[in-house]
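Peer 1: Here it is, the structure in full.
The values are calculated or read from the model by the stated rules, or taken from the named source; none is laboratory data. It should be emphasised that the depicted structure is a prediction, and the values quoted were computed from it without experimental measurement. Glycine also receives a Cβ, built like all others from the backbone with ideal geometry; neighbour counts cover every protein chain displayed. Quick note on the areas: whole protein, heavy atoms, side chains included, nothing else; ligands and nucleic acids left out. Shrake-Rupley method; radii C 1.70, N 1.55, O 1.52, S 1.80 Å.
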Amino acid sequence: MELRHLRYFIAVAEEGHITRAAERLGMQQPPLSQQIKALERELGVQLLRRLPRGVEPTDAGRAFLAEARLVLGQIDHAFASTRRTARGELGRIAIGFTSSAPFHPFVPRMIRAFREGSPLVSIALDEDGTTQLIQNLREERVDVAFIRTPVADPAGLVVDPLLEEKMVVALPDQHVLAKRDDAGLDLKRLAGETFIVYRRHSGPGLYDAIFAACHAAGFSPLVGQEAPRIVSTLNLVAAGLGLSLVPASLQRMHMDGVTYRAITGRHQLVAPLHLASRRGEASPVVRRFLSLAKATAVAFRSA
C-alpha cells in the first residue's frame, strides 16, 4: 500500500462517485477503479458499496476513511515541518550575549525582528562573559554570541563585526568633573583620576583600547578597581570609587549616582559589537539568524 492509495480512496469516498473523484485527482476513471479494487483485495474487506448513481463507504470503509485522513494529515504535517525546518523557520536557537550587549538598541531590535519573522523557532538566551560565551559556542551550548571584544583564538569560529559605538565617561554624581556644565571631557582631563576598568581577558579588548587611548593622551590611567563585567563598573562608579569609560548605550541604565559625559578631542574611543558563530554552521535556523543580523546591521548603520 502506498500513500497515493489513501489519497485515491479519500477522494472517492468524499466525492461519492468514481468519475468525479478521477477528475479531482487528474486521472482516468478506469485506472482509479482498478486501484480501489486492488486496495480492497489487499485489505480483504469491501470499502465501498456500489450504488446506481455512485458509491458510498461501508462501515469498514468509514473506519478506514477516518484513519486514512489521520495518516495523511500527519504526513502532510511532517512534510510541512521538514520544509519549514530546512528554511530555518522551525527549530531552536541559543543566543549568547555579554552583559553590556543588550543595552545597545541593535541587539533587542534584532532578536525581536527574528522572533517576528520566525515565530515557530524557540529562542534561548544566555548572558555570560566573552571567554565563557566562546567556550559555550565551541561546545555547542550556544549557537551565536554578541560580544564586545575580539576573540584571541578564532579557530573554527566566524566573528562578524556588526557595529561600533562611542564610549563615554561615567562619573560619580559628586565628582567635580560631573558638576561642570561642559558638553564633554577631553581624555587629558582624566589624568590623575582613579579608573574603574573592565577586567582584562585573554587577547586585546576594551581594557587595552582604554589604556592605549590614555597613553596617546599623555598619561597612564591609575586603576583603582577591576570589575568582572562592564555593567559592574557602573555600580562601583555610583559608590564613588572612581570613574569609568563605558559604551554610550549603557547610559540607558539611568543609574542613580552616575553622570555621563561625552569624550571630546582627538582621543576618541569606540566599543565594537561583534557576532560570533561556528564556522561552517549547518543549522538553517542559525544561518537565517546570521543573515538577518548582517542585513539589520547594514540598515542600522545607514539609519
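Peer 1: With θ taken as phi - 60° and the coefficients 6.51, -1.76 and 1.60, list the Karplus ³J(HN,Hα) couplings across the range 24-41 in order, rounded to whole Hz; mark glycine and proline as x.
Peer 2: Those phi angles translate into 4, 8, x, 9, 7, 5, x, x, 5, 4, 5, 5, 5, 5, 5, 5, 5, 5 Hz.
Peer 1: Under a 10 Å cutoff between Cα atoms, tell me which one of ALA101, ALA152, ALA248 has the largest fluctuation in the Gaussian network model of the chain.
Peer 2: ALA152
Peer 1: Please list, ordered by chain and number, the residues whose modelled amide H lies under 5 Å from the amide H of ALA94; skip anything fewer than 5 residues away on the same chain.
Peer 2: Sorted by chain and number, the residues that satisfy this are ALA124, ASP143, VAL144.
Peer 1: Label points 7 Å out from Cα along the Cβ direction at ALA183 and ALA212: separation in nm?
Peer 2: Each label point is offset 7 Å from its Cα along the Cβ direction, giving 2.8 nm.
Peer 1: How big is the accessible area of LEU245 in square angstrom, nearest 10, if you roll a 1.4 angstrom probe over the protein chains?
Peer 2: 10
Peer 1: Now for a separate question. Mind checking which of HIS267, VAL197, ALA238 is farthest towards the positive end of the chain's charge dipole, using Cβ charges of +1 (Lys, Arg) and -1 (Asp, Glu) about the Cα centre?
Peer 2: Value computed over the given set: HIS267.
Peer 1: Compute the label zone of GLN174 within the range 228-265: residues whose backbone N is under 20 Å from the point 7 Å along Cα-to-Cβ.
Peer 2: Residues passing the 20 Å test: 233-244, 255-261.
Peer 1: Please report, in debye to the nearest 20, how large the charge dipole of the chain is about its Cα centre when each Lys and Arg carries +1 at its beta carbon and each Asp and Glu carries -1 there.
Peer 2: Numbers: 38 positive and 31 negative charges, 144 e Å.
Rounded to the nearest 20 debye, it is 700 debye.
Peer 1: Right, here's the next one. What longest range of the chain stays clear of loop-exposed GluC sites (Glu not before Pro) (DSSP non-H/G/I/E/B, at most 12 other C-beta within 10 angstrom)?
Peer 2: On the way: sites that count: GLU2, GLU139, GLU140.
In short, 141-303.
Peer 1: Moving on. Scattering from the C-alpha atoms of the chain alone, worked out with Debye: what is log10 I(q)/I(0) at q = 0.07, 0.12, 0.15 1/Å?
Peer 2: For the chain at q = 0.07, 0.12, 0.15 Å⁻¹, log10 I(q)/I(0) is -0.48, -0.83, -1.09.
Peer 1: While we're here: Using 1/(1 + (r/R0)^6) with R0 = 30 angstrom and r between the beta carbons of GLU164 and ARG112, what's the FRET efficiency to the nearest 0.05? List each step's numbers first, then the result.
Peer 2: Numbers: r = 22 Å, r/R0 = 0.73.
With a Förster radius of 30 Å, E is 0.85.
Peer 1: Also, I was wondering about something else. Taking R0 as 51 Å, what FRET efficiency do you get between THR19 and LEU292 from their Cβ-Cβ distance, rounded to the nearest 0.05?
Peer 2: Working: r = 51 Å, r/R0 = 0.99.
In this case the efficiency is close to 0.50.
Peer 1: Provide Rg and Dmax in Å for the range 143-182, with only Cα atoms included in the calculation.
Peer 2: Spelled out, the Cα radius of gyration and Dmax of the range 143-182 are 17.6, 49 Å.
Peer 1: If you don't mind, there's one more thing I want to ask. Mind checking the dipole of the range 92-198: about its Cα centre, +1 per Lys or Arg Cβ, -1 per Asp or Glu Cβ, Debye to the nearest 20? Each step should come with its number before you reach the end.
Peer 2: Values: 12 positive and 16 negative charges, 39 e Å.
Taking the Cα centre of the range 92-198 as origin, the dipole is about 180 debye.
Peer 1: Let me ask you something else. Please report, in cubic angstrom per residue, the volume enclosed by the convex hull of the alpha-carbon atoms of the range 96-245.
Peer 2: Values: hull volume 20.0 nm³, N = 150.
Dividing the Cα hull volume of the range 96-245 by its residues yields 133 Å³.
Peer 1: Taking the dipole about the Cα centre of the range 34-188, with the C-beta of Lys and Arg at +1 and of Asp and Glu at -1, give me whichever of PHE64, VAL158, ILE93 is farthest to the positive side.
Peer 2: Final value for the positive-end residue is PHE64.
Peer 1: Could you check the spin-label model distance between LEU51 and ILE123? Points 7 Å from the Cα along Cα→Cβ, value in nm.
Peer 2: A separation of 5.4 nm, rounded to one decimal place.
Peer 1: Quote the relative contact order of the range 1-101 in percent (integer), defining contacts as alpha-carbon pairs under 8 Å separated by 6+ residues. Kindly include the intermediate steps, with their values, before the conclusion.
Peer 2: Numbers: 76 pairs, mean separation 23.5, N = 101.
Worked out over the range 1-101, it gives 23 percent.
Peer 1: Out of residues 5 or more away from LEU157 or on other chains, whose amide H comes under 5 Å of its own, with H placed 1.01 Å from N in the peptide plane?
Peer 2: So LEU157 has HN proximity to ARG279.
Peer 1: Normalise the Debye intensity by I(0) for the range 1-133, one equal point scatterer per Cα, no solvent, then take log10 at q = 0.09, 0.13 Å⁻¹ and round to two decimals.
Peer 2: Log10 of I(q)/I(0), two decimals: -0.50, -0.66.
Peer 1: Let me ask something else. For the residue pair ARG62 and ILE75, what label-to-label distance in nm results when each label sits 7 Å from Cα along the Cα-to-beta-carbon direction?
Peer 2: Calculated label separation equals 2.5 nm.
Peer 1: Determine ³J(HN,Hα), in whole Hz, for all residues of the range 227-235 in sequence, where each value follows from phi through the Karplus function 6.51 cos²θ - 1.76 cosθ + 1.60 and θ = phi - 60°; x replaces Gly and Pro.
Peer 2: 3J(HN,Hα) across the range 227-235, in whole Hz: 9, x, 10, 4, 4, 5, 4, 5, 5.
Peer 1: Now for a separate question. Find the relative contact order for the chain and round it to a whole percent, using C-alpha pairs within less than 8 Å whose residues are 6+ positions apart.
Peer 2: Working: 501 pairs, mean separation 63.7, N = 303.
After rounding, I find 21 percent.
Peer 1: What number, in percent, do you get for the relative contact order of the range 200-303 if the mean sequence gap of Cα pairs under 8 Å and at least 6 apart is divided by its residue count?
Peer 2: Values: 45 pairs, mean separation 22.4, N = 104.
The normalised contact order for the range 200-303 reaches 22 percent.
Peer 1: Once ligands and nucleic acids are excluded and a 1.4 Å probe is used, how much of LEU120 is accessible, expressed in Å² to the nearest 10?
Peer 2: Its accessible surface works out to 90 Å², give or take rounding.
Peer 1: Let me ask something else about it. When the helix-only estimate is applied to the chain (DSSP H runs of n ≥ 4, each -39,500 (n - 2.57), divided by the residue count), what is the mean residue ellipticity at 222 nm, nearest 500 deg cm²/dmol? All intermediate terms of the calculation are to be shown ahead of the outcome.
Peer 2: On the way: 10 runs with 128 residues, N = 303.
Computed mean residue ellipticity for the chain: -13500 deg cm²/dmol.
Peer 1: ³J(HN,Hα) across the range 67-78 via Karplus (A = 6.51, B = -1.76, C = 1.60, θ = phi - 60°), whole Hz, x for Gly/Pro?
Peer 2: These are the phi-based 3J(HN,Hα) values: 5, 5, 4, 5, 4, 5, x, 5, 5, 4, 5, 5 Hz.
Peer 1: Mind checking which of LEU125, GLN46, ALA297 is farthest towards the positive end of the chain's charge dipole, using Cβ charges of +1 (Lys, Arg) and -1 (Asp, Glu) about the Cα centre?
Peer 2: Positive-end residue among those listed: GLN46.
Peer 1: Need one number for the range 193-291: average projected area of the convex hull over its C-alpha atoms, nm².
Peer 2: Working: hull surface 34.0 nm².
Mean projected area for the range 193-291: 8.5 nm², to one decimal.
Peer 1: Right, something else. At a Förster radius of 45 Å, what calculated FRET efficiency corresponds to the Cβ-Cβ distance of ARG83 and VAL223, to the nearest 0.05?
Peer 2: Working: r = 56 Å, r/R0 = 1.24.
Efficiency for this residue pair is about 0.20.
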